[in-house]
1. Could you grab the relative contact order for the range 271-398? Cα pairs under 8 Å, six or more apart, rounded to a whole percent.
2. Taking the Cα atoms only, what angle lies between the long axis of helix 268-277 and the longest principal axis of the chain, rounded to 10 degrees?
3. When a/c reaches 1.5 or more, the comparison of a/b and b/c decides; with that in mind, is the range 195-309 rounded, prolate or oblate per its Cα gyration tensor?
4. With the cut-off at 1.5 for a/c, could you classify the range 102-206 from its C-alpha gyration tensor as rounded, prolate or oblate?
5. Using only Cα atoms, find the angle between the long axis of helix 67-76 and the longest principal axis of the chain, and express it within 0 to 90 degrees, rounded to the nearest 10.
6. Please enumerate, by chain and number, the aspartates and glutamates with C-alpha under 19 Å from the C-alpha of Lys140, excluding those fewer than 8 residues away in the same chain.
7. Place the peptides 336-348, 70-82 in order of packing, highest mean first, counting for every residue the other Cβ atoms within 10 Å and averaging per peptide.
8. Pairs Lys2/Lys390; Lys3/Lys123; Lys108/Lys185; Lys137/Lys350; Lys212/Lys279; Lys3/Lys390: which exceed 24 Å Cα-Cα?
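Computed from the coordinates by the stated procedures, all read-outs in this text should not be read as laboratory data. Treat the numbers as computed from the prediction; the structure is a model and nothing was measured. Glycine gets a Cβ as well: all are built from the backbone with ideal geometry, and neighbour counts include every protein chain shown.
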Amino acid sequence: MKKKIAIVGGGTSALVLSLLLDSNKYEIDIYEKNKKLGRKFLVAGDGGFNLTHASNIDEMIQKFSPTFFLEQSLQNFTNEDFRLFLRDIGIPTYIGSSKRVFPEKGIKPIQVLNSFLTAIQKKGVIFQTEKEWKGWKNGKLIFGIQETEVEADFIVFALGGASWPITGSTGSWISFFAQQEIPTKPFVASNCGFTTNWSKEYKQIWQGTALKNIALFTDSSYQKGELVITAKGIEGNAIYALSGEMQRQLKVNGSASVHLDMKPNVNVEKIEEKLLQSKQKNTSNILRIDLKIPELLVSLLKESLSKEDFLNHTILAQSIKGLNISIIESSPIQEAISSIGGVSLNAVDKNFEIRSLPNHFCIGEMLDWDAPTGGYLIQGCASMGAWLAKYFNQLNER
Ligand SMILES: Cc1cc2nc3c(=O)[nH]c(=O)nc-3n(C[C@H](O)[C@H](O)[C@H](O)COP(=O)(O)OP(=O)(O)OC[C@H]3O[C@@H](n4cnc5c(N)ncnc54)[C@H](O)[C@@H]3O)c2cc1C
């Protein structure tokens with residue numbers, strides 16, 4: 001007789017897991033609280049669907065934090081494996097700018113999701129939709145207000161994190177885990193925007209403007225990318241990549257600080273030389289014309305420096321290469337692309353089995369790991385799903 005696997009939560013990691021499980025060996029049900037599976041997957045598709053990233057896998061692994069946690073899963077099911085897997089279910093991909101991997105042009109996010117769902121249904125996996133998991137009763141999983149009991153040989157939780165709760169990933173399941181004394185950590189926004197201490201006027205004038213080819217750095221990180229000015233401060237891939245570090249600083253110090261390099265490809269000496277040798281009489285014009293610094297950064301330098309410092313070529317050159325940005329708080333978790341926190345990593349073993357609850361597993365964003373946007377999050381979830389599928393498929397009859 002086939003063993004039963006109940007997958008609770010029908011997002012990215014559940015989709016990959018169910019597609020790779022051996023349906024000759026297992027009867028598979030996915031329990032999802034929404035009417036449809038994969039709503040966050042669909043939302044992710046709205047703003048440029050980065051399914052994975054095309055960097056070398058060893059480089060890719062370094063982007064995950066902590067690195068060790070996902071290493072075996074990523075080595076086992078790499079970004080190249082994921083692209084082949086996607087192609088096999090009818091989703092050809094291409095490598096775009098900054099090595100991000102997208103579905104081929106013309107393929108809409110809903111088509112990507114439908115390709116997954118069609119392939120999964122073909123395997124005979126049952127979609128149990130509108131079934132909200134409500135915890136355990138007498139050792140059994142219960143669903144919905146009727147508290148319907150579900151039993152299975154193996155339970156896989158793939159409940160997601162706590163960002164964008166409108167998609168169903170509310171993180172409210174954390175209390176059920178805490179009741180079972182499974183170690184958890186509070187959710188915190190990641191890949192999110194931040195409020196800066198810039199003036200209201202500055203934010204009002206420049207909100208919505210994108211800054212390309214800049215870099216942000218701290219004592220321990222350096223991130224090239226893009227920033228967008230918002231009504232509150234900043235967002236964009238450069239700050240998203242540093243959001244874990246910003247959150248740590250905010251927690252410890254109540255504020256955070258990051259430096260903006262406006263000219264990542266020019267060194268400070270060259271900038272100072274240009275400032276000194278310019279024929280322009282006005283410093284703002286030197287910045288605009290000779291150094292090609294966009295107006296919003298000229299304004300930011302003026303807003304951030306005293307008049308004396310702005311006119312001092314050494315200080316101005318140093319500021320162009322590392323203007324301090326003071327951060328007051330992060331955007332709310334509801335607006336973040338992902339979250340950290342959830343089930344503590346030491347609560348699970350190398351196969352993601354909950355140490356204190358045999359035959360129960362956790363995969364995906366519900367575990368306390370972090371990665372930047374740009375395809376790493378979906379790849380991480382997919383690789384965890386693939387690892388667990390391999391584990392189950394190789395499992396001897398017990
Ligand atoms: C706006 C946005 C853009 C993004 N863009 C990208 C991108 O381009 N590239 C990238 O790599 N990543 C992106 N991400 C992140 C990526 O979508 C997630 O990291 C990934 O989907 C997480 O997968 P998961 O399987 O862990 O959980 P999810 O996909 O969040 O799925 C969890 C599922 O569990 C269900 N669930 C929750 N609680 C219960 C319950 N009690 N009972 C039953 N079901 C429940 C939820 O309804 C949900 O369907 C983006 C995220 C957002 C919000």
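1. 15
2. Tilt of helix 268-277: around 30 degrees.
3. It is prolate, given that a/c is not under 1.5 and a/b is the larger ratio.
4. oblate
5. Taking the Cα atoms of the chain, the angle to 67-76 is about 60 degrees.
6. In chain and number order, the partners are Glu27, Asp29, Glu32, Glu130, Glu132, Glu149, Glu151, Asp153, Glu181, Glu353.
7. Going by the mean number of other Cβ atoms within 10 Å, highest first, we get 336-348, 70-82.
8. Lys108/Lys185; Lys137/Lys350; Lys212/Lys279
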